[in-house]
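Have a look at the structure below, then the notes.
The values are calculated or read from the model by the stated rules, or taken from the named source; none is laboratory data. This structure is a prediction, so every number in the text was calculated from the model and none was measured. Heads up, the Cβs are rebuilt from the backbone with ideal geometry, glycines too, and the neighbour counts pull from every protein chain shown. SASA here: full protein model, heavy atoms, side chains in, ligands and nucleic acids out. Shrake-Rupley method; radii C 1.70, N 1.55, O 1.52, S 1.80 Å.
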Amino acid sequence: MYDFKIETGDAPAMYADLALALEGLTSGEPDAIANMANAAALIWETLPDLNWAGFYRNVGAELVVGPFQGRPACIRIPFGSGVCGAAAATQQVQRVDDVNAFPGHIACDAASASELVVPIVRDGELLAVLDLDSPRPGRFSADDEAGCVRLAEILARVL
């Protein structure tokens with residue numbers, strides 16, 4: 001059993017510890033689903049003020065829900081639709097302070113107010129996106145973005 005105690009007071013230190021924990025969890029494990037499942041659980045247990053943390057996988061140029069923590073989610077999202085689809089289509093991080101102001105936002109959970117979506121890319125190919133939702137507007141900072149980009153880099157090696 002893994003029991004990570006990651007302090008959340010200082011964001012850069014927290015993300016450094018989170019990255020180390022993720023590397024430990026995924027080290028030597030070749031199964032992408034297992035790695036996404038453990039990553040989702042680790043993120044969910046560590047980051048405050050989330051109502052969803054998980055993955056959408058690139059399956060045939062469409063996003064399909066993968067392992068996650070939170071309420072049931074949309075199953076399929078076309079590239080270019082909503083925040084996750086925008087991240088998939090552009091392979092660019094999407095940090096949205098108010099999802100209701102995002103054109104074409106897909107409300108899988110009406111409680112979500114802000115969102116951070118980070119593409120997971122290896123050798124130019126989109127593997128998945130890491131999707132974090134919060135019921136708090138403006139929840140995600142530049143530190144969150146940088147920390148989650150680091151997590152995506154780790155995951156790109158093991159998915």
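Filtering segment 136-151 to residues that are open to solvent by less than 50 Å² (accessible area, probe 1.4 Å), in contact with a helix residue (DSSP H, G or I) (Cβ under 9 Å, 6 or more places away or on another chain) and not polar (S, T, N, Q) leaves PHE140, ASP144, GLY147, CYS148, LEU151. Return a yes/no flag: does segment 91-101 have any residue that is of a type outside the set (D, E, K, R), touching a strand residue (DSSP E or B) at 6+ places or on another chain (Cβ under 9 Å) and open to solvent by 70 Å² or more (accessible area, probe 1.4 Å). Yes, because at least one residue in segment 91-101 is of a type outside the set (D, E, K, R), touching a strand residue (DSSP E or B) at 6+ places or on another chain (Cβ under 9 Å) and open to solvent by 70 Å² or more (accessible area, probe 1.4 Å).
Contact annotation: residue pairs with Cβ atoms under 9 Å, 6 or more positions apart or on different chains, pairing a residue in segment 55-72 that is closer than 16 Å to ASN35 by Cβ with a partner that is among the small types (Gly, Ala, Ser) and surrounded by fewer than 16 Cβ atoms within 10 Å (Cβ to Cβ), are PRO67/ALA34.
I'd like the residue in segment 48-76 that is open to solvent by less than 10 Å² (accessible area, probe 1.4 Å) and touching a Pro at 6+ places or on another chain (Cβ under 9 Å) and, out of all such residues, is nearest to ARG136 (Cα to Cα). Among those residues, the one meeting the criterion is GLY54.
Filtering segment 102-135 to residues that are open to solvent by 20 Å² or more (accessible area, probe 1.4 Å) and either polar (S, T, N, Q) or more than 16 Å from ARG71 (Cβ to Cβ) (or both) leaves PHE102, PRO103, GLY104, HIS105, VAL121, ARG122, ASP123, GLY124, GLU125, LEU127.
The set of residues in segment 31-53 being over 14 Å from ASP17 (Cα atoms), part of a helix (DSSP H, G or I) and not hydrophobic (A, V, I, L, M, F, W, C) consists of ASN35, ASN38.
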